[in-house]
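Sharing a structure here in structure tokens format.
The values are calculated or read from the model by the stated rules, or taken from the named source; none is laboratory data. Predicted model only: the values in this text are computed from it and were never measured. Heads up, the Cβs are rebuilt from the backbone with ideal geometry, glycines too, and the neighbour counts pull from every protein chain shown.
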Amino acid sequence: MTIMECAGCTLIAYGVPFSMFVFTIAHHPFRVIISMTSAFFWLLSLLLSSFLWFAVVPLRTQLAFAVPFAVIFQEIFRFLFYRLIKKAEFALQRVQMQELTDKGMVFDRFAVAYASGYGFGLISGTFAIVNVLSDMTGPGTLGIFGHSQDFFIATAFLTLCVILLNTFWGVIFFTSLDKGGIHRFIGPGTVVLTHMLFSCITLVNRTLTPMYTISLIVGYAILLGMIIYTVVLRGFNLNNIRQRIN
Amino acid sequence: MHSLFLLVYLFLQIFVVFCSQPKRVVDRMYISFDRARYCVRRLNGTHEIGCQSSIRGNSGRMYMIDNDQEFHIYLTDKKLIDSFNSFIIVLNVNLFNTYYIDYLMKHLDKKLNGLLLYLKSNLSRPLDFSHDDQCPNNRNSFYLNQTEKINWNSKGTSLFFRSFPFPIMLIDEEDDYKRLIEFYRQFNNSQSSPACGLELKAFQNAAHTTKTCMTRNDISHSLIDLQEIFCDPIGGLNIYSKLPQSIKIKPDQRSLKSVILILVTTDSFQMFLKPKGSTGGVQQPATALITFLTLAHLIGQEQDEFKKQNKEIIFVTLDGDALDYSASFKFMFDMINGYFPIGNKNEQPIKIEHIHSIIEFQSLSMTNELWLHTHPSSLINQTFIDILLRNNPMINLIRPNSPLPPASSQIFLRQTLSLSFPVYILSSTNQNQLLNHYYHSFFDDPSTLSINISTLEYNTTTEISLWIKRIVEPFAQTLIESLVGIKKNVIIKQEIINNLVYCILKNINCPLIHNVTNQSVGNTFKPFDQTSMPFSINTYPISTTPTFPFIKYVLGYFLRDRSYDIQNLTKISCKEHAYNDSFCSYTFVDGYAPSIINEKSFSGYCVRSYLRFVQSISPAFIIENYDLSQTTYPAWTESRWTTISLRLFIIPTRTHEIVTLIIGILLTFISFCILFFLRYYTKISLFQPSSS
């Protein structure tokens, strides 16, 4: 019965994001709304990518063509979402701040960037894994044609990586644009480049074995890099952290 | 290569949803076998028989057993049996008998989740394969209260009439077997490596008994219009036809003992079905049916002779006798209640006292000797028998009052207490043996009659066609001699028999049927092109089968009024004849050349024939307020089912599953703890519940 395997993979992929939701987003209606809207924007980017794929009929079978464009469209829509948030912020600021602060609706830019990245990541990961999870509920597992049985665990970990990466990419993207100056180019540039790298690793992997470990290592390395970049961007240093903890 | 390609595709799913072909992971996980035969559930008044699977399918670890030695090795391997919850045993078809199945069921008990039988190749067929009882149809037969029971089908296993709690399927295609064994050998080498598993899905809607199921059928949920049917009563059509010359219209009285019935059955059953597969039934009833139709043609040819005497010969086909003689019970029920012949209320009914005798063709194989079974000795006409034996030295007479083999005539005798008329059964069955090793099984196919079906053409003269000619011609001669009183050599064209053999055993969409029907009826045979006539349990009219239209039109044509052959009628004048005559049917057809004895050939012929047909379901379903659990009449129904599937896959090892689950739980738990700590022990604003 691979219900166990299915449950296990669901928990691997969604366990951490679920905890994140419970402790950082659930109590804040504003963040919930931002996440959902952000997810919707990701869906729009996917729609556009699929139009492009559909339109270019001869290249439908060439994966290498569709992937970079998908990445580009996603990042464009991330930017468009940022513009949307900016407008909202501007509109909110025109209303009396006191009233909103009493109700608990303070505009925390960091939280908004975080929630938007989280929404993007959640929907992106769901699209990746949901079909695989439903195929997992039958009595069998992969392997009759020689594939490795670790495929499902690898997919689950990769989905987790995608969700977390998207969260941090969101934070970096928005915070860099807010900071202005040179950061306006470095931040988004890093995001686009690492995103492209992550997706294209898959295409490069066509000639290597075992491919799961390589993509996972690259993915989590990029994740570590993004975490460090975020921390640096937010201006944390050792003193600040000690303060926050106490 | 496969695995790389697969992973690339999957990563792409993360970024782009649509792909060029609908390749999903599930296509790389399961291998389906679409041409497997399956066993279904049937119900009667008191029991259910057959197989049943759970609605999602029965899955288990696959274990292959090829011979007796491997069987015992498997049963003594305690470690293997304990390490899995459920098994699907893949058994060589030669081991499918009560000894092995009972042993397996007793030993494995709830762990036996399904059975898959395989046939290695067509050349390695088991010598005997019959799952009917050893004394077939003994539940409702003539011998209900007699002590002497002959095991006509001595190699029968009775497995058809048992109820199995798990599904049983059978693979009879050689390349399916090769694929199965290839994967099995690849993956079942050691205990630790992942093992092969099978999933058998054959969910049957009906349960318990016919009475329960028919009650369920009647339940209608008032809000929903659609009625859900779980089972259908078995039955088809009883078709009868005779020479159109002698039709008794009221108030003409019919003389006593003036009707001779010639019977044949048109159905069989098999334990393992396949849509569009061979259904067996060649030695019984196909050969008998071809003999029957050939005799009808001869009688039609010699209709001028039969006009000189006053007895009617009615040709009757019965559909549904394989299971407890349902069709014969219905026929006798109709006769006793005045519904025979059906169709025109101005026709004088035929009752028991009008029947002169019954002749039946049953279980004819291509044997060197035929046997004539008769009953009761007090009523049989010895002159007739003497003429028959003289005209055909192949026929031997069985001692009178011997037990009768399984035959529809038994019911005719039973319902009349053997006091009214004699029966004569012509069969290849001798005093105590059906000579058919594959009685009521799908192996009973043309190869058992030495016919090479792949090279059979429309007009090929096979041994069986020659054999049938040698039987039918003397028989027709005997009928003429005993009824009319003259000795006449009758000849039937070999071509007609060859055509019948081709149509019934190879391709029912043949030129013969198109020559004897009009265009719209002929088109109904097109979907059945290149399939033989199916001989299986019918649930008419739910299941569409070409059998009944074929028999109707061929029988009607062979017994037609031949005076119309020489009249050059048009379609319109044929219709006009139809308006004036309500007892016969008139169709305008192209004409079947070998049957027409006329120098001039016309573009179309008007066919006047006497043809009637009536539903042959058991009287149990017709009588008002009949309690279906009574055993007066048989009450067989067949369950309905939706999808049948057979899939092969890899079962994940238990450790792998548990490890995955534990990793998932740990990850969730650890992340929960870390974030909990971050909320309550730090002042990072992101984690605090109060701010926005």
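When you go through (1) in contact with an Asp or Glu (Cβ under 9 Å, 6 or more places away or on another chain); (2) within 14 Å of another protein chain (Cβ to nearest Cβ); (3) small (Gly, Ala, Ser) one by one for B:Gly591, which number turns out not to apply?
(2)
I've got another one for you. What number of residues within the range B:640-665 satisfy the criterion of being of a type in the set (D, E, K, R), more than 7 Å from chain A (Cβ to nearest Cβ) and either in contact with a helix residue (DSSP H, G or I) (Cβ under 7 Å, 6 or more places away or on another chain) or crowded, with 16+ Cβ neighbours inside 10 Å (or both)?
2
Kindly indicate the residue of the range B:29-52 that is touching a Leu at 6+ places or on another chain (Cβ under 6 Å) and within 14 Å of chain A (Cβ to nearest Cβ) and also modelled with the lowest pLDDT among those meeting that condition.
B:Met29
Hey, another quick one. Would you kindly identify the strands (runs of 3 or more DSSP E) lying entirely within the range B:349-420 that contain at least 3 residues that are in the same structural domain as B:Leu293 (by the TED database) and either β-branched (Val, Ile, Thr) or surrounded by fewer than 18 Cβ atoms within 10 Å (Cβ to Cβ) (or both)?
B:355-362, B:395-397
I need a count of the residues in the range B:421-461 that are part of a loop (DSSP other than H, G, I, E, B) and farther than 24 Å from B:Ser121 by Cβ.
So the count comes out to 15.
Can I ask one more? Please determine, by comparing only the residues of the range A:183-214 that are at pLDDT 85 or above and either outside any helix (DSSP H, G or I) or at the interface with chain B (Cβ under 10 Å from one of its Cβ atoms) (or both), which one is surrounded by the fewest Cβ atoms within 10 Å (Cβ to Cβ).
Of everything passing the filter in the range A:183-214, A:Ser199 is surrounded by the fewest Cβ atoms within 10 Å (Cβ to Cβ).
Restricting to the range B:459-514, what's the tally of residues that are among the hydroxyl-bearing types (Ser, Thr, Tyr) and over 23 Å from B:Thr547 (Cβ atoms)?
The total comes to 3.
For the list (1) more than 10 Å from chain B (Cβ to nearest Cβ); (2) modelled with pLDDT under 85, I need the number of the one condition that A:Phe151 fails.
(1)
Another question about this same structure. Determine, yes or no, whether B:Tyr540 is of a type in the set (Ser, Thr, Tyr), modelled with pLDDT of 95 or more and surrounded by 14 or more Cβ atoms within 10 Å (Cβ to Cβ).
No; evaluated as a whole, the condition is false for this residue.
From B:Phe84, B:Phe129, grab the single residue that is among the aromatic types (Phe, Trp, Tyr) and within 20 Å of B:Ile171 (Cα to Cα).
Exactly one of B:Phe84, B:Phe129 is among the aromatic types (Phe, Trp, Tyr) and within 20 Å of B:Ile171 (Cα to Cα), namely B:Phe129.
Of these, B:Thr668, B:Thr682, B:Thr637, which one is of a type in the set (Ser, Thr, Tyr), facing chain A (nearest Cβ under 8 Å) and crowded, with 18+ Cβ neighbours inside 10 Å?
B:Thr668
Can you pull out every residue in the range B:329-348 that is touching a Lys or Arg at 6+ places or on another chain (Cβ under 7 Å) and assigned to a helix (DSSP H, G or I)?
The one that is touching a Lys or Arg at 6+ places or on another chain (Cβ under 7 Å) and assigned to a helix (DSSP H, G or I): B:Met335.
Could you grab me the full set of residues in the range A:18-42 that are of a type in the set (Val, Ile, Thr) and facing chain B (nearest Cβ under 7 Å)?
Answer for the range A:18-42, where residues must be of a type in the set (Val, Ile, Thr) and facing chain B (nearest Cβ under 7 Å): just A:Thr24.
Out of (1) over 16 Å from A:Ser199 (Cα atoms); (2) more than 8 Å from chain B (Cβ to nearest Cβ); (3) surrounded by 24 or more Cβ atoms within 10 Å (Cβ to Cβ), what's the single condition that is false for A:Gly121?
With (1) over 16 Å from A:Ser199 (Cα atoms); (2) more than 8 Å from chain B (Cβ to nearest Cβ); (3) surrounded by 24 or more Cβ atoms within 10 Å (Cβ to Cβ) applied to A:Gly121, the lone miss is (1).
Suppose we filter B:Tyr458, B:Tyr438, B:Tyr424 for residues that are under 27 Å from B:Asp319 (Cα atoms), in contact with a helix residue (DSSP H, G or I) (Cβ under 6 Å, 6 or more places away or on another chain) and either touching a residue at least 40 places away in the same chain (Cβ under 8 Å) or outside the structural domain of B:Cys135 (by the TED database) (or both); which single one remains?
Selected residue: B:Tyr458, the only one of B:Tyr458, B:Tyr438, B:Tyr424 that is under 27 Å from B:Asp319 (Cα atoms), in contact with a helix residue (DSSP H, G or I) (Cβ under 6 Å, 6 or more places away or on another chain) and either touching a residue at least 40 places away in the same chain (Cβ under 8 Å) or outside the structural domain of B:Cys135 (by the TED database) (or both).
Can you tell me how many residues in the range A:224-243 are away from every other protein chain (no Cβ under 14 Å) and at pLDDT 85 or above?
Total satisfying the criteria: 7.
Show me the helices (runs of 4 or more DSSP H) entirely contained within the range A:3-113 in which 3 or more residues are at pLDDT 90 or above.
Here the list reads A:3-20, A:29-55, A:63-94.
Assess whether B:Gln433 counts as being within 25 Å of B:Asp319 (Cα to Cα), in contact with a helix residue (DSSP H, G or I) (Cβ under 9 Å, 6 or more places away or on another chain) and surrounded by fewer than 19 Cβ atoms within 10 Å (Cβ to Cβ).
no
Can you tell me how many residues within the range A:32-76 are over 13 Å from the mean Cα position of the chain (by Cα), among the aromatic types (Phe, Trp, Tyr) and closer than 17 Å to A:Val192 by Cβ?
Result for the range A:32-76: 2.
Could you please find all residues in the range B:498-507 being out of contact with any Leu (no Cβ under 8 Å at 6 or more places or on another chain) and modelled with pLDDT of 95 or more?
Scanning the range B:498-507 gives a single hit, B:Asn498.
Let me ask you something else. Would you pick out the residues in the range B:562-592 that are farther than 22 Å from B:Lys307 by Cβ and among the basic types (Lys, Arg)?
The answer is B:Lys571, B:Lys575.
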